Amino acid sequence: MERKKYVIIMAAGSGTRMGAGRPKQFLELEGKAILQKTMEVFLNACPGISVITVLPQDFIGYWREYCLENNFVCPQILVPGGITRFHSVRNALDRVPEGALVAVHDGVRPLLSEGLVRDMFEKAEGVPALIPVTPCVDTMKVLENKEGELVAVPGAKADRSVLYGAQTPQIFHSEILKEAYAMPYDTSFTDDASVVEKYGKSLSYVVGERLNIKITTQDDLLLARAILSVKSQDYSL
Ligand code: C5P
């Protein structure tokens, strides 16, 4: 039997790197909050999916008002975030039953395709953890920041041919993700895959999408606006 689908939308960050007055997930893209655009991709790809939105405690009322005022109809469980992304995911997992498929997705990645979401949910039925990755295109340097100066870490080399960047959504069998998140917090947990890997479960990978960027800085927002404007003109090379 198919597992029930859940998505946890991570939007409890403070967005300090953007330097805007409010967290970046609430800034506008094509007249809608970035968070709404992200959620619409999942709602369109998987009608009936259960949505859990993780928000800064102080913005839960704001988001309720936003949805009402903008006629954004989305049944969603609102959960307050924690001190780190790990703690935010853990809060949300309390609302997810065992035996489901649960996607964890950054609320500030609105540009993924509905096709990627559908394909990944289909593949995730057969593997405990499915992670989208894109091959590294830049030559990588291993450096450390010594009082503002970037210096090479002696002997450390990064072989680009084996380096990939991990994106979201990362999709898991919920019982495994819940067990993994019962472990104590570790600073090496930078995404859900790293938590599940430390718990000892193997990860499966699919090729993600280059345009599925995480809107973190003002440059990213500019890039997202440019991508959407080109897409709306149906421009092809
Ligand atoms: O900080 P970072 O860029 O890794 O955040 C990735 C995502 O996790 C963002 O969508 C952010 O809102 C979310 N987040 C969260 N709770 C935190 C920190 C980040 O939900 N405490």
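The values are calculated or read from the model by the stated rules, or taken from the named source; none is laboratory data. None of the values given here were measured: they were computed from a predicted structure. Methodologically, a virtual Cβ is constructed for each residue, glycine included, from the backbone with ideal geometry; neighbour enumeration extends over all protein chains shown. All accessible areas refer to the heavy atoms of the entire protein, side chains included, with ligands and DNA or RNA removed. Shrake-Rupley method; radii C 1.70, N 1.55, O 1.52, S 1.80 Å.
Summary of computed values
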item	result
Positive-pole candidate from 200, 97, 120, dipole of region 93-234, charges at beta carbon	120
Candidates 152, 193, 182, ranked by Gaussian network fluctuation over the chain, Cα under 10 Å, top entry	152
Gyration tensor (alpha-carbon) shape descriptor, region 42-167, a/c threshold 1.5	prolate
Candidates 60, 131, 52, ranked by Gaussian network fluctuation over the chain, Cα under 10 Å, top entry	60
Percent carbon-and-sulfur accessible area, the chain, ignoring ligands, DNA and RNA, probe 1.4 Å	52 percent
The chain, accessible area per residue, ligands and nucleic acids excluded (1.4 Å, Å²)	54 Å²
Hz values of 3J(HN,Hα) by residue in region 136-151 - Karplus curve (6.51, -1.76, 1.60), Gly and Pro given as x	6, 9, 8, 6, 9, 10, 9, 10, 10, 8, 9, 6, x, 9, 7, 10
Per-residue SASA entry for residue 181, accessible area with 1.4 Å probe, Å² rounded to 10	10 Å²
Under-5 Å amide H pairs with residue 205, H placed in peptide plane, nonlocal only	131
Nonlocal amide H pairs with residue 77, under 5 Å, H built at 1.01 Å	51, 52, 53
Reach of residue 198 by Cα under 22 Å, taken over lysines that are not fewer than 8 positions away in the same chain	178
As computed over region 76-126, the Cα convex hull volume per residue (Å³)	102 Å³
For q = 0.15, 0.19, 0.22, 0.27 Å⁻¹, Debye-computed log10 I/I(0) when each Cα of region 135-194 counts as one equal scatterer	-0.73, -0.92, -0.99, -1.12
Karplus 3J(HN,Hα) series, Hz, for region 110-127 with 6.51 cos²θ - 1.76 cosθ + 1.60 (x for Gly, Pro)	x, 9, 6, 8, 5, x, 4, 4, 4, 4, 5, 4, 5, 5, 5, 4, x, 9
Size of region 21-78 as Cα extents on the principal axes (Å, biggest first)	33, 25, 18
The chain, helix-only ellipticity at 222 nm - DSSP H runs n ≥ 4, -39,500 (n - 2.57), divided by all residues, nearest 500	-9000 deg cm²/dmol
Rotationally averaged projected area of the chain (alpha carbon convex hull; nm²)	15.1 nm²
Phi to ³J(HN,Hα) by Karplus 6.51 cos²θ - 1.76 cosθ + 1.60 over region 70-86, Hz, x for Gly, Pro	9, 6, 8, 8, 8, x, 8, 8, 9, 10, x, x, x, 5, 10, 4, 4
Region 96-171: C-alpha gyration tensor shape, a/c 1.5 cut-off, then a/b vs b/c	prolate
Rule-of-thumb Rg ratio for region 112-237 [Cα; 2.2 N^0.38 Å; N residues]	1.28
